[in-house]
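Report on the following structure.
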Amino acid sequence: KQEVTQIPAALSVPEGENLVLNCSFTDSAIYNLQWFRQDPGKGLTSLLLIQSSQREQTSGRLNASLDKSSGRSTLYIAASQPGDSATYLCAVIGAGSARQLTFGSGTQLTVLP
Amino acid sequence: GAVVSQHPSRVICKSGTSVKIECRSLDFQATTMFWYRQFPKQSLMLMATSNEGSKATYEQGVEKDKFLINHASLTLSTLTVTSAHPEDSSFYICSARDEGFNSPLHFGNGTRLTVT
C-alpha cells in the first residue's frame with residue numbers, strides 16, 4: 001500500500017526566503033505526482049504535475065523535482081511571500097490499473113511579513 | 001483553466017436528515033469524478049470514484065448506502081449523505097480530470113458539513 005509522507009508538518013519563514021518542502025512515497029511505481037495548495041476551508045489548487053518520466057517542472061517561483069527511484073519529490077519556492085502561506089499537499093497516482101491517488105498529510109507554510 | 005464547482009460551500013443539518021452535495025465540471029466533461037473527505041489538520045481520504053452512467057466505486061470502509069453517489073451526466077456528480085449523524089461532520093471535496101491520467105486533477109472548493 002502506497003504511503004506518502006510530507007516533512008516538515010509545519011514551517012514558518014520570513015518573507016523573501018527560499019524554501020523546500022519534501023514529499024516521500026514508499027512505492028516508486030507511480031504514474032505521476034502532483035503538488036497542490038490548500039487555503040483554510042477551501043479546496044485544492046493544482047500547482048505542478050510531474051509525469052513519472054520527468055525530473056522536474058517549473059511554474060513561476062515554484063519548482064518541483066521528482067526522483068522516482070528514491071521515492072522523493074521536493075517543491076522549491078523562491079522568494080517567498082506572505083501570500084504563499086497555505087498548506088501544501090503532494091499526491092501520487094499509482095501506476096497500477098486502479099490509478100489510486102494517495103495524498104500526503106501536507107506541510108502548513110506560514111510566511112511572515 | 002478547468003474549473004470544478006461544488007455546492008453548497010457550507011451546510012448545517014439536523015441529525016437524521018439527508019444532505020446532497022453537487023460537483024460540476026464547468027468547462028469540460030468528466031467521465032470520472034472523485035469524492036474525498038478531510039478531517040481537521042488531516043489529509044484527503046478518497047471515499048469513492050464516481051463514473052458517469054455506472055455505479056460508483058467505493059473505497060474500503062465507506063458505506064455505499066450512507067454516501068450515495070450519482071453521476072448522471074458528464075458534468076455533474078452528486079454525493080448524498082443519508083441519515084446524517086454528527087460523526088459525518090467533515091469537509092467534503094470533489095475533483096475531476098478533464099482528460100486522461102496525464103492531466104492534472106482539478107478540485108472544487110469543498111463543502112463544510114456540520115450535523116447537529
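The values are calculated or read from the model by the stated rules, or taken from the named source; none is laboratory data. Not measured: the values here are computed from a predicted model. Note that we place each Cβ from the backbone using ideal geometry, even for glycine, and neighbour counts take in every protein chain shown. Accessible surface areas use protein heavy atoms only, side chains included; no ligands, DNA or RNA. Shrake-Rupley method; radii C 1.70, N 1.55, O 1.52, S 1.80 Å.
What single numbered condition from (1) in contact with a Ser or Thr (Cβ under 6 Å, 6 or more places away or on another chain); (2) surrounded by 16 or more Cβ atoms within 10 Å (Cβ to Cβ); (3) modelled with pLDDT of 90 or more fails to hold for B:Ser43?
B:Ser43 satisfies every listed condition except (3).
Say we look at the stretch B:104-116 and pick out the residues that are within 12 Å of chain A (Cβ to nearest Cβ) and closer than 19 Å to B:Pro40 by Cα; which of these is surrounded by the most Cβ atoms within 10 Å (Cβ to Cβ)? Lay out the reasoning, then the answer.
Taking the stretch B:104-116 and keeping what is within 12 Å of chain A (Cβ to nearest Cβ), we get B:104-112.
From the residues that got through so far, the ones that are closer than 19 Å to B:Pro40 by Cα too are B:107-112.
Values: B:Phe107: 23, B:Gly108: 27, B:Asn109: 18, B:Gly110: 23, B:Thr111: 24, B:Arg112: 16.
This residue is B:Gly108.
Given the condition in contact (Cβ under 8 Å) with a residue 40 or more places away in the chain, open to solvent by 10 Å² or more (accessible area, probe 1.4 Å), of a type outside the set (Gly, Ala, Ser) and part of a loop (DSSP other than H, G, I, E, B), answer yes or no: does some residue in the stretch A:89-107 qualify?
Yes; the residues of the stretch A:89-107 include at least one that is in contact (Cβ under 8 Å) with a residue 40 or more places away in the chain, open to solvent by 10 Å² or more (accessible area, probe 1.4 Å), of a type outside the set (Gly, Ala, Ser) and part of a loop (DSSP other than H, G, I, E, B).
How about the stretch B:1-29: which of its residues are under 15 Å from A:Gly43 (Cβ atoms) and touching a His at 6+ places or on another chain (Cβ under 9 Å)?
Scanning the stretch B:1-29 gives B:Gly1, B:Ala2, B:Val3, B:Val4, B:Ile21, B:Glu22, B:Cys23, B:Arg24, B:Ser25.
Looking at A:Ser65, is it within 11 Å of the chain's Cα centre (by Cα) and among the polar types (S, T, N, Q)?
So A:Ser65 fits the description; yes.
Is there a residue in the stretch A:54-70 that is within 14 Å of chain B (Cβ to nearest Cβ) and of a type in the set (A, V, I, L, M, F, W, C)?
yes
Could you check the stretch A:58-78 and list, in sequence order, the residues that are of a type in the set (Gly, Ala, Ser) and open to solvent by 50 Å² or more (accessible area, probe 1.4 Å)?
Answer for the stretch A:58-78, where residues must be of a type in the set (Gly, Ala, Ser) and open to solvent by 50 Å² or more (accessible area, probe 1.4 Å): A:Ser59, A:Gly60, A:Ser69, A:Ser70.
Given the residues B:Ser77, B:Ser73, B:Ser83, which is the only one that is more than 13 Å from the chain's Cα centre (by Cα), of a type in the set (Ser, Thr, Tyr) and under 15 Å from B:Phe34 (Cα atoms)?
Sole residue among the options that is more than 13 Å from the chain's Cα centre (by Cα), of a type in the set (Ser, Thr, Tyr) and under 15 Å from B:Phe34 (Cα atoms): B:Ser73.
When the residues of the stretch A:17-51 are narrowed to those that are surrounded by fewer than 16 Cβ atoms within 10 Å (Cβ to Cβ) and among the small types (Gly, Ala, Ser), which ends up nearest to the other protein chains (Cβ to nearest Cβ)?
A:Gly41
Take the residues in the stretch A:7-16 that are part of a strand (DSSP E or B) and open to solvent by 10 Å² or more (accessible area, probe 1.4 Å), then tell me which one is nearest to the other protein chains (Cβ to nearest Cβ).
My answer is A:Ala10.
Exactly one of these conditions fails for B:His85: (1) surrounded by fewer than 19 Cβ atoms within 10 Å (Cβ to Cβ); (2) within 12 Å of chain A (Cβ to nearest Cβ); (3) at pLDDT 95 or above. Give me its number.
The number of the failed condition is (2).
Among the residues of the stretch B:88-103, which ones are open to solvent by 40 Å² or more (accessible area, probe 1.4 Å) and of a type outside the set (Phe, Trp, Tyr)?
Selection gives B:Asp98, B:Glu99, B:Gly100, B:Asn102.
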